[in-house]
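Okay, so here's the structure we're looking at.
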Amino acid sequence: MEIVESMVKKIEIDDKTCEYEYMLTRGKIILNHTSGVISIQSYGIEVERKDFMGGKLINVERDGIKNISSDRYKVHNLMRILYDNVVSPINFIEIIGEYVDEYTADYDNAYSDISNC
């Protein structure tokens, strides 16, 4: 898995700084086909929150979803929603879960495009 894009937002809450990082990741999905193995590019999202107090790191939360879609643009837009709304790694899956379920169909489309070549 490779990080291809990252967005960072810092929020000050009293004497604590919360740094949110939203990362677009790239990987591959391997599928079997009658003519052999097919590799499809895949994109996912990782979300990380680091809490600092007095300049010291006091807490880290991280979560991610691999293989959301083969369409980078769609996954980037999901990441942008998370960034704009400062969504925590603790509940980001609840926010984008329905999109993720819908976007997995992109792999069927990519598979069809490749196998028809």
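The values are calculated or read from the model by the stated rules, or taken from the named source; none is laboratory data. These numbers come from a predicted model, not from an experiment. Calculation scope for accessible area: heavy atoms of the full protein, side chains included, ligands and nucleic acids excluded. Shrake-Rupley method; radii C 1.70, N 1.55, O 1.52, S 1.80 Å.
What the table below lists for this structure:
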| quantity | calculated |
| --- | --- |
| Lys pairs under 28 Å by Cα in the stretch 2-117, provided they are eight or more residues apart or on distinct chains | 15 |
| Per residue, in Å², the accessible surface of the chain once ligands and nucleic acids are set aside, probe 1.4 Å | 60 Å² |
| Cα long-axis angle, helix 72-84 against the chain (0 to 90 degrees, to the nearest 10) | 20 degrees |
| The chain, relative contact order in percent, only Cα pairs under 8 angstrom and at least six apart counted | 22 percent |
| Choice from S88, S70, S39 with maximal GNM fluctuation in the chain (Cα, 10 Å cutoff) | S39 |
| Label of the coordinate-derived value, Cα Rg over 2.2 N^0.38 Å, listed as (1) 1.26; (2) 1.11; (3) 1.05 | (1) |
